Amino acid sequence: MVYISKIIDELGERIMSGGQIDRYEALKLINIEQLSDVYHLLSWANRIRESFHDNKIKLCSIINAKAGSCPEDCKFCAQSAFYNTESPRYGLVEKEEVFKAMVEANRNAVDALAIVAAWKGLNEGKMLDLVCETIREMKASRLVRPDASLGMIKNQSIADRLREAGVECYNHNLESSRRYFPELCTTHSFDDRVQTIKYLKNAGIKVCSGGIIGMGETREDRCDLALSLMEVGADVVPINILNPIKGTPYENVSPLSPLEILKTIACFRFILPRQDILIAGGRVVNLRDIQPLIFMAGANGLMVGNYLTTINQRLEKDLQMLRDLGLEPYIEK
């Protein structure tokens, strides 16, 4: 419709000029149905991405440093101790495994490697000492930027120690909207996650925070997640798409359509023009052969290598995809 096309043009031009859109306008975008209008939305999202982020694509990878037996009951997670899944379970890996992952990441132009652990969060004590020691050695190697995703931060002192050790960016997802979060998890709250982000911000650590789409939430919930991420000051926004895992409460959830996923990415780009939007878990199984369109939809980052409990496509294929599109991995100087 000409009317919708005109709205997309007006909002796109406003953002390109440094403005913002509000919740009402974001809901108009995410509820677009006409195929030609969806493609028009993607085209504008691509222009916004290129304007704010050029044609450089940020790559990051993770190492699952401690797997399984997590005491939280997040319904989407195969690592929760509440569910009977085939996810691996092991204690903290040796530093040698971390350094192998660093060398591999550096060799493939991956800018950051995040240490990820399945637990509620770090406490003061031996484990925090060990994590900080590993991060210091990662930082000194200069092979990759040492990032972390270690659960909830329980006080300002822990966040300060992580920053002093060398953590520059910490992942802690909001996961979904404030309204829908209680449907996903009961062992902690949305506000617990917001508090962790506050500690990180106070410590001067960049915040990587996003969520998962396709868990039964509404389009309105997805917009509200993006707006909450803007409110808390997320620097990097990972978008995961649910890949249902057998044994979890969401194992039989019907997948979102690829176009619905792309439209959601585009709306995130309209709401968050300056943030790095990184597409992470679930992209292969949900987007299949149209994965390259995530960049037209506004994404400027990829999680590469395997995910925590599922397999990604080969890194060489991701790098070839970027070359074929005329895009380049971004290496932070």
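Restricting to DSSP loop positions (anything but H, G, I, E, B) with no more than 10 other Cβ atoms inside 10 Å of their own Cβ, which GluC sites (Glu not before Pro) remain in region 1-50? All intermediate terms of the calculation are to be shown ahead of the outcome.
Values: sites: Glu10, Glu13, Glu25, Glu33, Glu50; in loops: Glu33.
Answer by residue number: Glu33.
Helix 190-202 against the longest principal axis of the chain: what's the angle in degrees, Cα atoms only, rounded to the nearest 10?
Roughly 80 degrees, rounded to the nearest 10.
Could you derive backbone 3J(HN,Hα) for region 272-285 from the dihedral phi with the Karplus parameters 6.51, -1.76 and 1.60 (θ = phi - 60°), listing whole Hz in sequence and x where the residue is Gly or Pro?
Working through the residues one at a time gives 10, x, 8, 6, 6, 9, 10, 9, 10, x, x, 5, 5, 6 Hz.
Which entry in (i) 61, 18, 15; (ii) 31, 22, 20; (iii) 34, 23, 18 is this structure's computed semi-axes √(5λ) of the Cα gyration tensor in Å?
So the structure-derived entry is (ii).
Just how far, in whole angstrom, is region 155-229 from region 31-56 if you go by their alpha carbon centroids?
The two parts, judged by their Cα centres, are 26 Å apart.
Return the single residue from Leu113, Leu259, Leu278 with maximal mean-square fluctuation; model: Gaussian network over the chain, springs between Cα atoms under 10 Å.
Sorting by GNM fluctuation, first place goes to Leu259.
Which is farthest toward the positive dipole end of the chain among Ile57, Gly298, Asn243, measuring Cα position about the Cα centre, with Cβ charges +1 (Lys, Arg) and -1 (Asp, Glu)?
Value: Ile57.
If one takes the longest principal axis of the Cα atoms in the chain, at what angle in degrees, from 0 to 90 and to the nearest 10, does the Cα axis of helix 95-107 lie?
Taking Cα atoms only, the helix is inclined about 30 degrees.
Residues with amide H under 5 Å of Ile279's amide H, sequence separation 5 or more or different chain, H placed in the peptide plane at 1.01 Å from N; which?
Amide H neighbours of Ile279, under 5 Å, 5+ apart: Ile239, Gly301, Leu302, Met303.
Which one, Glu96, Glu260, Glu137, has the greatest fluctuation when you compute a Gaussian network model over the chain with C-alpha springs under 10 angstrom?
Maximum fluctuation in the GNM of the chain, among the listed residues, is at Glu96.
Please name whichever of Leu143, Tyr39, Ala26 sits farthest to the positive end of the charge dipole of region 2-330, dipole taken about the Cα centre and charges placed at Cβ: Lys and Arg +1, Asp and Glu -1.
Going by the charge dipole, the pick is Leu143.
Evaluate the relative contact order of the chain (contact order divided by residue number), counting alpha-carbon pairs under 8 angstrom at least 6 apart; express in whole percent.
Values: 628 pairs, mean separation 75.8, N = 333.
Taking the mean separation of contacting Cα pairs over the length of the chain, I get 23 percent.
My understanding is that a pair violates if its Cα-Cα distance is over 22 Å; which of Lys6/Lys28; Lys95/Lys139; Lys95/Lys154 do that in this structure?
Details: Lys6/Lys28 12 Å; Lys95/Lys139 13 Å; Lys95/Lys154 25 Å.
Where the Cα-Cα span goes over 22 Å, the pairs concerned are Lys95/Lys154.
Using the alpha-carbon atoms, what tilt in degrees (0 to 90, nearest 10) does helix 219-232 show relative to the longest principal axis of the chain?
Taking the Cα atoms of the chain, the angle to 219-232 is about 60 degrees.
Using amide H atoms built in the peptide plane, which far-off residues or other-chain residues are under 5 Å from Glu72 H to H?
Placed amide hydrogens put Ala81 under 5 Å from Glu72.
Readers should treat all values here as calculations from the given coordinates under stated rules, not as data from a laboratory. Just so it is clear, the structure is predicted and the values come from calculations on it, not from any experiment. Every residue, glycine as well, gets a Cβ built from its backbone with ideal geometry; the counts of neighbours run over all protein chains shown.
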